[in-house]
């Protein structure tokens, strides 16, 4: 998964971005005793759209159902053949769905 990220962001920026992301996740993990977000999901009140590639090798589908179950009123769209890069592979459809979601009354 590293090379596609380097292709998109460049090697220098990707290394910096990855280090910052990792540090941030460690801080969140430590601050919440290993519970990265489950206890906070009930507090999310804004409209939430969960988009997921069902063949994602990095994020298990259990996260999608957990988020949807615990974020009241959330919506889901699944990409059956999608992996972790649905925003790139299905860019036109992805952007259309996000735009429609954002424009909902």
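The values are calculated or read from the model by the stated rules, or taken from the named source; none is laboratory data. The structure displayed is predicted, hence computed values, not measured ones. Using ideal geometry, Cβ is built from the backbone for each residue, glycine included, and neighbour counts are taken over all protein chains shown.
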Single residue of 77, 68 found to be over 26 Å from residue 4 (Cβ atoms) and in contact with a strand residue (DSSP E or B) (Cβ under 8 Å, 6 or more places away or on another chain): 68
Residue satisfying all of: in region 73-84; over 11 Å from residue 50 (Cβ atoms) and touching a helix residue (DSSP H, G or I) at 6+ places or on another chain (Cβ under 8 Å); surrounded by the most Cβ atoms within 10 Å (Cβ to Cβ) among these: 82
Qualifying positions in region 30-60 - outside any loop (DSSP other than H, G, I, E, B) and either at positive phi or free of Cβ contacts under 8 Å to residues at least 24 places away in the same chain (or both): 30, 31, 39, 40, 43
Residue 87 assigned to a helix (DSSP H, G or I) and touching a helix residue (DSSP H, G or I) at 6+ places or on another chain (Cβ under 8 Å): yes
Selection from region 41-70 of residues that are over 15 Å from residue 86 (Cβ atoms) and surrounded by 13 or more Cβ atoms within 10 Å (Cβ to Cβ): 41, 44, 48, 65, 66, 67, 68, 70
Candidate set from region 12-30 (those that are surrounded by 12 or more Cβ atoms within 10 Å (Cβ to Cβ) and at pLDDT 90 or above); member that is nearest to residue 89 (Cα to Cα): 14
Residue under evaluation residue 27, criteria (1) part of a helix (DSSP H, G or I); (2) at positive phi, criterion not met: (2)
